[in-house]
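Okay, structure first, notes after.
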Amino acid sequence: VAHDFNNLLAVILNYTAFVAEEIAAGPGEQFAAAARDVEQIQRAAERATRLTHQLLAFARREVVKPQVLDLNDVVHDVEQLLNRTIGEDVVLVTDLTDDLYPVLADTGQVEQVLVNLAVNARDAMSGGGTLTIETTNVGDVDSGGVMLRISDTGTGMSDAVVQHVFEPFYTTKLDGTGTGLGLATVYGIVTQAGGTIGLQSREGVGTTFTIVLPTTDEVAAPVETPAPFERAPQGETILVVEDEEALREVTERIFNRGGYRVITAANGIEAVALAERHDGDIHLLVTDVVMPHMLGKEVAERIRAIKPGIDVLYMSGYARPVLASQGRLDRDVNLIEKPFTASTLVKAAGQILSGHEMNTTSPIY
Ligand SMILES: Nc1ncnc2c1ncn2[C@@H]1O[C@H](COP(=O)(O)OP(=O)(O)OP(=O)(O)O)[C@@H](O)[C@H]1O
Ligand SMILES: [Mg+2]
């Protein structure tokens, strides 16, 4: 179901972006109202995207790519987003200890933890307040961990509520604003990373969540030279394999506008036949992962046999059982998560074609 939803959202988001572009190019004020309406559609689709990813994370179906991390870096990266999320009445204070021990975790997931906790804090501080994020080392570098503490000065919780907060679908927000998955997801992410989470709360005073992630002795991968953001296509040909017709068209259109030559196939069998008939080079295969008849992985293997040296980019929002071993994404697999935007897709293709390893994209948060 999540797979289908992500396909639909990719279509909605991208066609909306096309419309938004045309409106923006139109004359003067005439379409201002339409532009605002389109923006509402985009915002709703982005909310739906977050919800799908929340569900996937909760069901532990999300692709996780644990890396050696400095938690301070993640906090820095997400600070702006958090400020926007909590609004003007809540002040964000960060108190970060230098030289944190390294931990092994998925950046996107740690971001999700911070966002979920911040959103809860905001909801508990409707009259304003302070949200504090602290990091400190605990124990020594070999056996200790890094503590991440998120506190608010909000309503706090009664003991009865505290008992249930981590349960899936437990919510006190009865007006339809809560699904009760926020903390259940946080709990899942933290424990999956080998960490612990606890909380202290006092009614009328506030709430503090304390997370400890274990240190890792894995060595951080060398920093890759950042790939150029824009790369002019050099007349390369891309083969797109996607069973969902609307999404296939979106993808074709995005690459065409990006300056690539595109051939498309609705399934693996068609793709193999196309590749056999195609005289020139095919530089990049962009394929869905989960398709009827032939999975993306097999499509890639068979196309590689016909066009050796072809690069492969998988598109999926639900790839874990098919691409990953032991729940982790194999290191040499290029994957773009659905729903993607035009710019992330073109950028990913450019990175791969210029010989850079791409970073797994995070969904829109
Ligand atoms: N910082 C907080 N202060 C006060 N109450 C909180 C706080 N965080 C969580 N809660 C309580 O715990 C409940 C469960 O939180 P959780 O994040 O799991 O779900 P939700 O926020 O209700 O919905 P969702 O996160 O799925 O939108 C909330 O409904 C709220 O009652
Ligand atoms: Mg919540």
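Report summary: the helix-based calculation at 222 nm, which adds -39500 (n - 2.57) for every DSSP H run with n ≥ 4 and divides by the residues of the chain, gives -13500 deg cm²/dmol. Counting neighbouring Cβ atoms within 10 Å and putting the fewest first, the residues Thr97, Thr344 line up as Thr97, Thr344. To make sure I understand the rule: partners must be lysines, Cα under 27 Å from the Cα of Lys65, and not fewer than 8 residues away in the same chain. Which ones qualify? Reachable lysines: Lys297, Lys338, Lys347.
Helix 2-25 axis versus longest C-alpha principal axis of the chain: approximately 80°, rounded to the nearest ten.
If you put +1 on each Lys and Arg Cβ and -1 on each Asp and Glu Cβ, how big is the dipole of the chain around its Cα centre, in Debye rounded to 20? Numbers along the way, then the final one.
Numbers: 27 positive and 51 negative charges, 135 e Å.
Value, rounded to 20: 640 debye.
Protection proxy ranking of 75-88, 19-32, 124-137, by the mean of other Cβ atoms within 10 Å over each peptide's residues and highest first, is 124-137, 75-88, 19-32. Distance from the Cα centroid of the range 133-184 to that of the range 104-124 is 10 Å (rounded to whole angstrom).
Think of each Lys and Arg Cβ as +1 and each Asp and Glu Cβ as -1; about the Cα centre, that makes the dipole of the range 7-143 roughly 780 debye. Taking the C-alpha atoms only, the angle from helix 268-277 to the longest principal axis of the chain is near 40 degrees.
Seen against the Cα atoms of the chain and their longest principal axis, helix 182-192 is set at about 80 degrees.
Give the distance, in whole Å, between the Cα centre of the range 269-286 and the Cα centre of the range 1-70. If we compute the Cα centre of each part, the gap is 30 Å. Note on the chain: dipole from Cβ charges, positive end direction compared against Ile23, Ile303, Thr216; the farthest Cα belongs to Ile303.
Rounded to the nearest Hz, the phi-derived 3J(HN,Hα) couplings of the range 73-89 under the Karplus curve 6.51 cos²θ - 1.76 cosθ + 1.60 (θ = phi - 60°) are 4, 5, 4, 4, 5, 9, 4, 5, 4, 4, 4, 5, 5, 7, x, 7, 7, where x marks glycine and proline.
Please rank Val165, Val1, fewest neighbouring Cβ atoms within 10 Å first, as an exposure proxy. Spell out each step's value before the answer.
Details: Val165 21, Val1 8.
The most exposed by this proxy come first: Val1, Val165.
Sparse packing (at most 11 other Cβ atoms within 10 Å of the Cβ) combined with a DSSP loop state is found for the following chymotrypsin sites (Phe, Trp or Tyr not before Pro) in the range 85-187: Phe169.
Every number in this text was worked out from the coordinates using simple rules, so none of it is lab data. Everything numeric in this text was worked out from a predicted model, so none of it was measured. Neighbour counts run over all protein chains shown; Cβ positions are idealised from the backbone, glycine included.
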